[in-house]
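A short write-up of the structure that comes next.
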């Protein structure tokens, strides 16, 4: 599955770089982040890789296979709709925001993401 991974600290960067070096995350592209996000990596990852990232507290967002995840707004708790997902690499996305909740009190947010283990 394809995911966007957020590098939020040097320690998280080391964890993600180890995932790349070990083959758990196959890096496709990377971007410099903004406003507290050091970098963003997009890549292919397995379910085992997602578990590994989750154990280390690495923030990620699925870019496909949305049905395998529970994705909610961190402010109001509503499940996100497909058209709320930010897909262009704008300043919001580079700053870690990945959804725009249609609840007027929420707006751009970094969604809560949980992988649904089947």
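Just so it is clear, none of the values below were taken in a lab; they were calculated from the coordinates. Keep in mind that what you see is a predicted model, and the values were worked out from it rather than measured. Cβ placement follows ideal geometry from the backbone for every residue including glycine, while neighbour counts extend to all protein chains displayed.
Relative contact order for the chain using alpha-carbon pairs under 8 Å, separation at least 6, rounded to a whole percent? Spell out each step's value before the answer.
On the way: 214 pairs, mean separation 31.4, N = 118.
Computed value for the chain: 27 percent relative contact order.
Starting from the Cα gyration tensor of region 30-79, take the square roots of the eigenvalues, sort them a ≥ b ≥ c, and report rounded, prolate or oblate (rounded when a/c is under 1.5, otherwise prolate if a/b is larger than b/c, else oblate). It would help to have the intermediate numbers written out before the result.
Numbers: a/c = 1.63, a/b = 1.09, b/c = 1.50.
Cα axes put region 30-79 in the oblate bin.
How do 15, 93 line up, fewest other C-beta atoms within 10 Å first? Mind dumping the intermediate values first?
On the way: 15 17, 93 20.
In increasing order of surrounding Cβ atoms, one gets 15, 93.
For helix 10-22, what angle does its Cα long axis make with the longest principal axis of the chain, in degrees from 0 to 90 and rounded to 10?
For helix 10-22, the angle is close to 60 degrees.
Using Cβ counts within 10 Å as a stand-in for footprinting exposure, how do 4, 29 rank, fewest first?
Values: 4 20, 29 10.
Neighbour counts put them in this order, fewest first: 29, 4.
Could you please rank 60, 117, placing first whichever residue has the fewest other Cβ atoms within 10 Å of its Cβ? Please list the in-between numbers first.
On the way: 60 22, 117 8.
The most exposed by this proxy come first: 117, 60.
Using label points projected 7 Å from each Cα along Cα→Cβ, tell me how many nm separate residue 10 and residue 35, to one decimal.
Placing both labels 7 Å along Cα→Cβ, they lie 2.5 nm apart.
Would you calculate a helix-derived [θ] at 222 nm for the chain, using -39,500 (n - 2.57) for each DSSP H run of n ≥ 4 and dividing by the full residue count, to the nearest 500? Walk me through the intermediate numbers first.
Values: 3 runs with 26 residues, N = 118.
Taken over the chain, the calculation gives -6000 deg cm²/dmol.
Which residues in region 29-68 have a backbone N closer than 14 Å to a point placed 7 Å from the Cα of residue 94 along the Cα-to-Cβ line?
Within reach of a label on residue 94, which here means backbone N under 14 Å from a point 7 Å along Cα→Cβ, region 29-68 contributes 30-41.
Kindly state, to the nearest 0.05, the FRET efficiency for residue 2 paired with residue 105, given R0 = 41 Å and r defined as their beta-carbon distance. Please list the in-between numbers first.
Values: r = 30 Å, r/R0 = 0.74.
Here the calculated transfer efficiency is 0.85.
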